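**Student:** I have a structure I would like to understand better, so I am pasting it below and will then ask my questions one at a time.
The values are calculated or read from the model by the stated rules, or taken from the named source; none is laboratory data. Note that the structure is predicted; figures quoted are calculated from it, not measured. Heads up, the Cβs are rebuilt from the backbone with ideal geometry, glycines too, and the neighbour counts pull from every protein chain shown. Ligands, DNA and RNA are excluded from the accessible area calculation, which covers all protein heavy atoms including side chains. Shrake-Rupley method; radii C 1.70, N 1.55, O 1.52, S 1.80 Å.
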Amino acid sequence: MTSAKMGAKCCLTQMPLEPPDQKRRQAASGYIQLGMFHEANEELEEIDPYIRAAPEILALRIEIYRGLEKWELMAELAKRLTEFQPNEPQWPVSLAYATRRAISIEAAKEILLNFEPKFPKEAVIPYNLGCYFCQLGDLESAKKLLKRAFEIDPNWRIIALDDVDLEPLWQSIRREVT
């Protein structure tokens with residue numbers, strides 16, 4: 001799943017960082033973009049311990065855990081952030097993403113179903129639910145959820161075209177056409 005699919009349009013309130021910590025945060029972010037997750041983690045470890053608990057630093061840590069496929073750690077941190085910032089849709093999506101890999105798609109689906117009513121104007125949740133339903137073989141529910149995601153934000157259509165989670169849906173459509 002890409003960061004876009006995870007809803008990485010986060011709008012965190014950033015704590016003022018001292019210049020050394022600010023450089024380390026920027027370096028960690030750059031390493032993450034390059035896929036150098038161990039190096040990113042090393043940068044975060046050098047940040048003042050008090051600042052490491054700031055949401056913008058924890059968001060980077062989630063990306064590191066995703067890149068290193070440390071699903072349990074990612075889920076634990078995302079769960080904590082859903083409690084700390086309950087109005088941020090990125091956290092339940094990150095929690096579901098990690099839960100899917102650590103436990104099951106069914107468990108991830110339940111997480112997003114519980115959060116869906118709270119974020120009716122966010123396309124990322126119905127989109128991801130559509131992917132989960134598709135993977136679970138419920139193509140009709142997947143279509144409805146994807147339609148809702150596309151109505152909220154048409155840009156998700158482009159992401160959907162290359163999303164491997166939606167392959168069962170694309171195969172179904174190809175069979176109908178031929």
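**Student:** Filtering the stretch 135-178 down to residues that are among the basic types (Lys, Arg) and surrounded by 11 or more Cβ atoms within 10 Å (Cβ to Cβ), which residue is nearest to Ala123 (Cα to Cα)?
**Tutor:** Out of the qualifying residues, it is Arg148.
**Student:** Are any residues in the stretch 78-93 closer than 24 Å to Met36 by Cα and touching a Phe, Trp or Tyr at 6+ places or on another chain (Cβ under 7 Å), and if so, which ones?
**Tutor:** Ala78, Leu81
**Student:** One residue is enough: does the stretch 94-103 have a residue meeting the conditions modelled with pLDDT of 95 or more and surrounded by fewer than 17 Cβ atoms within 10 Å (Cβ to Cβ)?
**Tutor:** Yes, the stretch 94-103 contains a residue that is modelled with pLDDT of 95 or more and surrounded by fewer than 17 Cβ atoms within 10 Å (Cβ to Cβ).
**Student:** Does Glu83 satisfy the condition of being open to solvent by 60 Å² or more (accessible area, probe 1.4 Å) and at pLDDT 95 or above?
**Tutor:** So Glu83 does not fit the description; no.
**Student:** A further question on this structure: Looking at the stretch 47-74, which of its residues are open to solvent by 70 Å² or more (accessible area, probe 1.4 Å) and modelled with pLDDT of 95 or more?
**Tutor:** Glu69, Lys70, Glu72, Leu73
**Student:** How many residues, within the stretch 41-97, are of a type in the set (S, T, N, Q) and in contact (Cβ under 8 Å) with a residue 40 or more places away in the chain?
**Tutor:** Count: 3.
**Student:** Return the residue satisfying two criteria in turn: it lies in the stretch 33-46 and is in a helix (DSSP H, G or I) and more than 19 Å from Glu76 (Cβ to Cβ), and of such residues it is least open to solvent (accessible area, probe 1.4 Å). Walk me through how you get there before you give the answer.
**Tutor:** Going residue by residue through the stretch 33-46, those that are in a helix (DSSP H, G or I) are 33, 37-45.
Add one more test, that the residue is more than 19 Å from Glu76 (Cβ to Cβ), and what stays is 33, 38-39, 42-43.
Values: Gln33: 155, His38: 117, Glu39: 66, Glu42: 117, Glu43: 37 Å².
Applying the filter and picking the extreme gives Glu43.
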